[in-house]
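The values are calculated or read from the model by the stated rules, or taken from the named source; none is laboratory data. Quick caveat, the model's predicted, so the values are computed rather than measured. Glycine also receives a Cβ, built like all others from the backbone with ideal geometry; neighbour counts cover every protein chain displayed.
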Ligand code: FES
């Protein structure tokens, strides 16, 4: 799709999930001409992901919390003359220009073509991706990410198996388990590495977000009705099977996430949905040198001011990119950022809501912070990097015998993180095994895969 | 009698007419709008690639285009992410070994 040179938006919003949608419609209402870009064909992001129209779902709301918030935003976007949605537009780089930004995108799932969108300001609302910690057997077919199980269910109405263990850490597990059982799966157990006591330390913060408690209780209720067992302070320390997963071993953990010997028990299943919290997806901003902060969960997020401005002039950030906190917070921050970009004063209620939800997000992050003892469930032959098939032993050798003291050197010596996914799956584990205290910011020169032919075209293009 | 719970029953889905794709030479049913990975999952197929080094089976992991575990050869093109590609009628999918075919590898 050629971009006409005269086309210059006031605001380009990257990501059409809760934060991006709220921002685009609010900014349009406030008079800005904006373009909303997303790699997917439809708006909603991962959170409001929903069945393709051809599947004829009469009740997509049954797979969602707060579906009406989404339909209200989608309706406003549909009638807005000033906000335009462009699906199938995957942003791979932001470039600062004299009068704002050039936003570079590839088109369609095969990245067959590219385009450049120009805008005076950019709002990053790219959300998060899942943190994965490896364990023996995690590469077996049937082991899927908790978010992936949700995504395939919400978009394609399919399940990876009939009896699905849900494991890892963080609130996404309860949401995933509750939608899996509603859709007909047996979930014999939800295995959560943290306890839930962390939340109890700040009753004041909890009391300020009653909706969060209701949401938690909603998931809890669905799980109870379907006889799902919640096993806190436990982890799947191994997935069994040959061609696909046939069962898992679960063990209790100490406070540091170290498996306690003698507590193992086996659970039969034909799928495992696993995830250890979410990581902000911020590479588009860090490539421009944006300041970051490390959150209470050890995840690196963008540092923003009260107006949600990043340290890069003209670049704002809303939602998970500022630290993972869920859809309600993302909606509030999207609205807030749009006000700031439009130079409009936000209402006091919006400011208060955002502050309360942000405080809850920090509490939640602290409660599910991975303990250092998780490496206790690894074996020398456990693959850490799925793409390049690099086992624990090779990474330990790089650190202990070859003297690699940081993730980058480990990567260069072992190829861990140098494959297709560019370390998105193994990054946190490699950093931890390399002894890195606190992860560095996400840095990938390209935020998504771009065919070399397009980069070459970019280099020689006169734009 | 209660109907068995399924994802389609949950959302009261009335899909448009289905069609078939071909996976390793046999037909697999697909519903309109489903990704190839979703059609394969619905058929009970979880693996459609073997790894370069260990020859281990792999299929979809992240479901959203981030992990690249779901690569396979689609209509002769190697290294396609099946979780992103729609299952168009008559799509031909073959299990991918290692890099895919050498002459097509990227
Ligand atoms: S399943 Fe991860 S990229 Fe397709």
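Count of the stretch B:33-43 residues, restricted to those that are outside any helix (DSSP H, G or I) and more than 9 Å from chain A (Cβ to nearest Cβ), is 1. Applying the condition of being within 13 Å of the ligand (Cβ to nearest atom) and closer than 30 Å to residue A:310 by Cβ to the stretch A:112-145 and asking which residue is farthest from the other protein chains (Cβ to nearest Cβ) yields A:132. For the stretch B:43-82, residues that are buried (at least 24 other Cβ atoms within 10 Å of the Cβ), closer than 18 Å to residue A:153 by Cβ and more than 9 Å from the ligand (Cβ to nearest atom) total 1. Hey, any hits in the stretch A:441-449 for a residue that's at pLDDT below 90, away from chain B (no Cβ under 14 Å) and over 24 Å from the mean Cα position of the chain (by Cα)? No: zero hits.
A quick yes/no check of all residues on (1) at the interface with another protein chain (Cβ under 9 Å from one of its Cβ atoms); (2) closer than 24 Å to residue B:42 by Cα; (3) surrounded by fewer than 24 Cβ atoms within 10 Å (Cβ to Cβ):
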residue	(1), (2), (3)
A:162	no, yes, yes
A:167	no, yes, no
A:171	no, no, yes
A:174	no, yes, yes
A:185	yes, yes, no
A:190	no, yes, no
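Evaluating residue B:22 against the criteria (1) in a helix (DSSP H, G or I); (2) away from the ligand (no atom under 11 Å from the Cβ) leaves one unmet condition, (1). Might you check whether a residue that is part of a helix (DSSP H, G or I) and within 14 Å of the chain's Cα centre (by Cα) occurs anywhere in the stretch A:152-159? Within the stretch A:152-159, none of the residues are part of a helix (DSSP H, G or I) and within 14 Å of the chain's Cα centre (by Cα).
Only residues that are buried (at least 23 other Cβ atoms within 10 Å of the Cβ), more than 16 Å from the ligand (Cβ to nearest atom) and assigned to a loop (DSSP other than H, G, I, E, B) were counted in the stretch A:418-436, giving 0.
Among the candidates B:30, B:39, the residue that is more than 16 Å from the ligand (Cβ to nearest atom), more than 20 Å from residue A:46 (Cβ to Cβ), in contact (Cβ under 8 Å) with a residue 40 or more places away in the chain and surrounded by 20 or more Cβ atoms within 10 Å (Cβ to Cβ) is uniquely B:30. Looking at A:384, A:324, A:304, just one residue is part of a strand (DSSP E or B) and crowded, with 20+ Cβ neighbours inside 10 Å, and that residue is A:384.
Just so you know, in the stretch B:44-64 the residues that are more than 7 Å from chain A (Cβ to nearest Cβ) and either modelled with pLDDT of 95 or more or part of a loop (DSSP other than H, G, I, E, B) (or both) include one that is nearest to residue A:57 (Cα to Cα), and it is B:44. In the stretch A:26-47, the residue that is nearest to the other protein chains (Cβ to nearest Cβ) out of those that are within 19 Å of residue A:329 (Cα to Cα) and in contact (Cβ under 8 Å) with a residue 60 or more places away in the chain is A:46. When the criteria are applied in full, residue A:168 meets the requirement of being assigned to a strand (DSSP E or B), modelled with pLDDT of 95 or more and within 21 Å of residue A:280 (Cβ to Cβ).
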